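Take this structure, written in structure tokens, and hold onto it; I'll ask about it next.
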Amino acid sequence: MSSSVIVGTQWGDEGKGKIIDIMAKEADLVVRSSGGNNAGHTVVHGNEVYKLHLLPSGILYPETICLIGSGVVVDPSVLLEEITEMNKRGVTCDNLRIDARADIIMPWHRELDKLEEEYKAKQTSVNVGTTGRGIGPAYTDKARRIAIRMYDLCHPELLKTLIKNTGEFENLMIEKLYGGKAFDLDAVYEEYKAYGEKLKKYMADGSVIAFEAYKEGKKVLFEGAQATLLDIDFGTYPFVTSSHPIAGGACIGTGIGPKMIDEVIGVGKSYTTRVGNGPFPTELNDALGELIRNRGGEFGTTTGRPRRTGWFDAVIMRHAVRVNGLTALAINKFDTLSGIGKLKVCTAYKKSDGTILNDFPVTLEELSDCTPVYEEFDGYEGDISDCRKFEELPEKCREYISRLEELCGCPIKIIGVGAGCDSVIFR
Ligand code: IMP
């Protein structure tokens, strides 16, 4: 296999960073193709823990080219902070490339993200619960065709004109619509011009880099951010992010054709978590949910928010298998469930009129009307973090995994048994 896409199968935070990091060691090119610094990937290397938001995970390997593709929205201040932090820890980041088409997060995007959320909360009491990083407003400007792109950031004269034109429009929205405070556009220009000077050396044509790497038979890894249920079309709209985290997004956000993807690995957890608002059928609003949250360390990498927790949901996983065309699953955190007693898995949904749904509903209204149909399992016990072969796992754990595969219709080829990079079973 020469090209692989890694996607999240649930609502994010499935431990993609760990799987990506394992695969990045072998890759010649690692690509981020969607989202921005709303993502947070924790990579553990020996005793070192790296928290990455924008830099592709392969950045730790100097020989691996790391591309931020055109589909990513880049906050240059965050990216530069991350690069500086990496430099301090001895990672040069000379292997970084940024597509000239990538859109830039401007300060008004962060402000509008906050103002829009406050407005929605006041008007309808239902806001999205965004990460507040300006992601939605940046993608809105892209679709509106007024975004400032990486190329513009690195060309001061162009940048000046664009900041003036776009900035006036954004200031109008901030002041007139939300009663906020307008930005000083000259100051924004000076700040962003300086970012452009520092980032210029990384600018490239990502589509060409990816195409040539693939043609030369190199190993290309598309590093997913966010997850299937946060996809703007196939997620739980409107409680989604503003990009395409599903596998097809790797093509759009890099500039490559679908035939260049050989393998799609869906990463999930042995239970389900969600950050932000919106329906969550298997949610555990009780002491068990709290126990799973604490044992699994379920607090946001980006925002520190406690994550909502619930049982594994095979309806969601079948949806992920379908919309991403998954060829394999990597399921993490089987260690978290060890010793907690009986386990449940949601196999289907039941609507209030008694109808059974095997497929994930299209609308939020329908999803809100669904209660889970559960299958119960004997739990497993003991420390499984040292297991490196499937056969070494407790029998009940193996039975649980085999049944998950049946219910999801996809082989579980990677089994996470602990936090460390090597705490993994490959089958
Ligand atoms: P936004 O991407 O900041 O606009 O947030 C939209 C929704 O996606 C919110 O519910 C966020 O909590 C969620 N979200 C965005 N990025 C991530 C992620 O990397 N992991 C988990 N949830 C995320």
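Roughly what angle does helix 107-124 make with the longest principal axis of the chain, taking Cα atoms, 0 to 90 degrees, to the nearest 10?
The two axes meet at around 50 degrees.
Which value, in Å² and to the nearest 10, is the accessible area of residue 426 when all protein chains are kept and the probe is 1.4 Å?
Rounded to the nearest 10, that gives 120 Å².
Once the principal axes of the Cα atoms of the stretch 268-426 are found, what is the range along each, listed largest first in whole angstroms?
Ordered largest first, the stretch 268-426 gives principal extents of 46, 33, 29 Å.
Quote the convex hull volume per residue of the stretch 6-154, based on C-alpha atoms, as a whole number of Å³.
Taking only Cα atoms, the stretch 6-154 has a hull volume of 125 Å³ per residue.
Just for the Cα atoms in the chain, what are the lengths along the principal axes, largest first, rounded to whole Å?
66, 52, 38
Further question: Based on DSSP H runs of at least 4 residues, each adding -39500 (n - 2.57), what is the mean residue ellipticity at 222 nm of the chain after dividing by all its residues, to the nearest 500 deg cm²/dmol?
Roughly -10000 deg cm²/dmol at 222 nm, from the helical runs in the chain.
Let me ask another. Counting pairs of alpha carbon atoms under 8 Å apart in space and at least six apart in sequence, what relative contact order in percent does the stretch 211-346 give?
Relative contact order here is 25 percent.
Let me ask something additional. If you take every residue apart from residue 359 with its C-beta less than 11 Å away from the C-beta of residue 359, what net charge results, scoring Lys and Arg +1 and Asp and Glu -1?
Computed value for this residue: +1.
Among the listed pairs 114/200; 269/350; 344/396; 333/389; 142/200, give every one whose C-alpha distance is greater than 18 Å.
Where the Cα-Cα span goes over 18 Å, the pairs concerned are 114/200; 269/350; 142/200.
For the chain, which whole percent of the accessible surface, found with a 1.4 angstrom probe, sits on carbon and sulfur atoms?
Ligands and nucleic acids excluded, carbon and sulfur give 51 percent.
Note down the net charge around residue 273, summing +1 for each Lys or Arg and -1 for each Asp or Glu among other residues with Cβ under 9 Å from its Cβ.
With Lys, Arg at +1 and Asp, Glu at -1, the neighbours total +2.
Counting only the backbone N, which residues of the stretch 226-258 are under 15 Å from the spot 7 Å out from the Cα of residue 362 toward its beta-carbon?
233-237
Using Cα pairs under 8 angstrom and six or more residues apart, how large is the relative contact order of the chain, in percent?
20
Using only Cα atoms, tell me the angle between helix 314-324 and the longest principal axis of the chain; keep it within 0 to 90° and round to the nearest 10.
Roughly 40 degrees between the two axes.
Around residue 132, what is the net charge, scoring Lys/Arg as +1 and Asp/Glu as -1 over all other residues with Cβ under 9 Å from its Cβ?
The answer is +1.
Also, I was wondering about something else. Over the alpha-carbon set of the stretch 342-427, work out the extent along each principal axis and list the three values in angstrom, largest first.
For the stretch 342-427, the Cα spread along each principal axis is 46, 24, 21 Å.
To the nearest 10 degrees, how steeply does helix 206-215 sit against the main Cα axis of the chain, on a 0 to 90 scale?
In the chain, helix 206-215 runs at an angle near 50 degrees to the longest axis.
The values are calculated or read from the model by the stated rules, or taken from the named source; none is laboratory data. Computed from a predicted structure; not experimentally measured. A quick note on method: Cβ atoms are made from the backbone with ideal geometry, for glycine too, and the neighbour counts reach across all protein chains shown. Ligands, DNA and RNA are excluded from the accessible area calculation, which covers all protein heavy atoms including side chains. Shrake-Rupley method; radii C 1.70, N 1.55, O 1.52, S 1.80 Å.
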